[in-house]
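Right, one structure below, let's go through it.
The values are calculated or read from the model by the stated rules, or taken from the named source; none is laboratory data. Quick caveat: nothing in here was measured; it's all calculated off a predicted structure. Cβ coordinates were reconstructed from backbone atoms using ideal geometry, including for glycine residues, and neighbour counts include every protein chain displayed. In case anyone asks, the SASA skips ligands and DNA or RNA and just uses the protein heavy atoms, side chains included. Shrake-Rupley method; radii C 1.70, N 1.55, O 1.52, S 1.80 Å.
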Amino acid sequence: MRQQKGYLLGLGSNINPQQNTEKMVIALLQEFKALKLSRVLKIPPVGMNSHRDFLNTIVFVETDLSQRELKSFCNQIEINLGRDRDDPLSKTKDRPADIDI
């Protein structure tokens with residue numbers, strides 16, 4: 001049995017941010033027994049040319065997934081919500097979902 005580790009996940013969205021932030025949290029709750037969620041902040045975009053503010057929050061999860069497995073799981077949530085991770089400019093475009101470890 002693998003040992004559980006704690007991870008901080010940064011969640012962000014600036015395309016339909018209220019709905020997509022909720023969907024990211026729901027997807028995480030379907031995988032993890034419990035999570036701790038910080039307050040949600042409305043923040044202007046940084047490093048990109050956009051007029052859309054982000055909703056950002058931090059989530060703490062405990063899991064026995066490796067960091068690589070967790071990143072793959074988070075990437076799949078982003079893809080399911082419409083982010084094109086194959087786009088080389090995806091880091092500077094508006095996005096429905098962004099989850100960073």
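Summary table
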{"item": "Failed item in (1) at pLDDT 95 or above; (2) open to solvent by 30 Å² or more (accessible area, probe 1.4 Å), with G47 passing the rest", "result": "(1)"}
{"item": "Leading residue by the ranking (surrounded by the fewest Cβ atoms within 10 Å (Cβ to Cβ)) among those in segment 1-33 that are among the hydroxyl-bearing types (S, T, Y) and in a strand (DSSP E or B)", "result": "Y7"}
{"item": "Count - residues of segment 78-91 that are touching a residue at least 24 places away in the same chain (Cβ under 8 Å) and either among the aromatic types (F, W, Y) or under 10 Å from N20 (Cβ atoms) (or both)", "result": "2"}
{"item": "Those residues of segment 58-79 which are farther than 15 Å from E31 by Cα and assigned to a helix (DSSP H, G or I), in sequence order", "result": "R68, I79"}
{"item": "Any hit, segment 74-96, residues being hydroxyl-bearing (S, T, Y) and either at positive phi or within 13 Å of the chain's Cα centre (by Cα) (or both)", "result": "no"}
{"item": "Residue under evaluation Q76, criteria (1) among the polar types (S, T, N, Q); (2) at pLDDT below 95; (3) open to solvent by 70 Å² or more (accessible area, probe 1.4 Å), criterion not met", "result": "(2)"}
